[in-house]
Amino acid sequence: MQNRRRFIQQMASATAFASLGGLSLASCSQPISKKITVLHSNDVHSQIDPLPNNHSRYPGLGGFARRASVIEQVRKQNPNTILLDAGDIFQGTPYFNYYGGEIEFKLMSKLDYDLATIGNHDFDNGIDGFLSQLPNATFDFVSANYDFTNTVLNDLVKPYKVLIRDGIRIGVFGLGVELEGLVNKNLYKETGYLDPIEIAQDMSRILKEEEHCDLIICLSHIGYDYKRNPNRVSDLHLAKKTKDIDLIIGGHTHTLLPEPTIVDNALGEKVLVNQCGMGGVYIGQIDFYFDSTGGKTFEGKSIEV
């Protein structure tokens, strides 16, 4: 266990360098004109305080206060930073049992999150319970494959949003895991589930061709990979079957990646997949560099909190 923990900590400080769309590596001499930083969390599960010192996997790590310090430091280095969460904000500590999500949304608002998607545990107080906490969130929620037409969340959760930093158009859309068999029907009510692969293809087309986005991000809560069930849709499966997505930020499976996984998409172009464990013990950082010719490269890592 100690060797594994030491390996993870060492790897978490490593940085990945690669290119997107077959362009040059970050280490080459293309002139860098703009830099966009993406910070992200997932599956925080109401972990407001650091984990206890006797925790079996992440002793003493995490906590909103420490995360705030990391985010503040990164923003000082690059003001062109966006902050995203891949769902399962709720459930896991007495804070949620007592306050029903109020503390989580208020603290995320203090940290100035830009967007989040909805995880299965975010329905644990029902769709009405989720709605009741939305006034505490200054950030928006995106989900493209949950159809909220016949629910109280209709028109409150959008399929995507375009963020603009230093003239760079960043399209972010959300995907959620299938709720049937995972969440009690009484909790999510008439929420419809749409095929994430088909929806991702539609979203990436809209963001690329209609919204003219320079960077396309999928904020996913469908899971990184399912080796025992390779036909089940996952982030890796999604990356291979689609095009025009630059980055998939994942959740649901609590997968800790020391650096982004690089996958060839349907056109053979590079797409990044990243996820940062659970409980807010790590935060992901992906830096995208846009050169004067329109090309983009990246470097990515997971930061221990």
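Values in this text are rule-based calculations from the coordinates and carry no lab data. Since this is a predicted model, take the numbers as computed values, not measurements. So basically every Cβ, Gly included, is an ideal-geometry build from the backbone, and we count neighbours across all protein chains shown.
Note down the magnitude of the dipole of the chain about its Cα centre, charges +1 on Lys and Arg C-beta and -1 on Asp and Glu C-beta and zero elsewhere, to the nearest 20 debye.
Values: 29 positive and 37 negative charges, 207 e Å.
Using only the charged Cβ atoms, the result is roughly 1000 debye.
Whole Å is fine, so just give me how far the alpha carbon centre of the range 208-285 lies from that of the range 170-192.
18
Can you give the % of DSSP beta bridges in the range 232-282 that are antiparallel, to the nearest 5? Intermediate results must be reported in sequence, preceding the final value.
Numbers: 5 of 8 bridges.
For the range 232-282, the DSSP antiparallel bridge percentage is about 60.
List the relative contact order of the chain as a percent without decimals, with contacts defined as Cα pairs under 8 Å and 6+ residues apart.
For the chain, the relative contact order is 26 percent.
Provide the gained length on full extension for the span residue 293 to residue 264, in nm with one decimal, where the gain is 0.36 nm per separating residue minus the Cα-Cα distance.
8.2 nm
Give, rounded to the nearest 20 debye, the magnitude of the charge dipole that the range 31-95 has about its Cα centre when Lys and Arg contribute +1 at Cβ and Asp and Glu contribute -1 at Cβ.
Details: 7 positive and 5 negative charges, 80 e Å.
Value, rounded to 20: 380 debye.
Would you mind checking the pairs 110/161; 161/301; 161/227; 106/296 and listing those with alpha carbons more than 29 angstrom apart?
Pairs exceeding the cut-off: 161/227; 106/296.
For residue 150 paired with residue 226, estimate the spin-label separation in nm (one decimal), with each label point 7 Å from Cα along the Cα-to-Cβ line.
Here the modelled spin labels are 2.5 nm apart.
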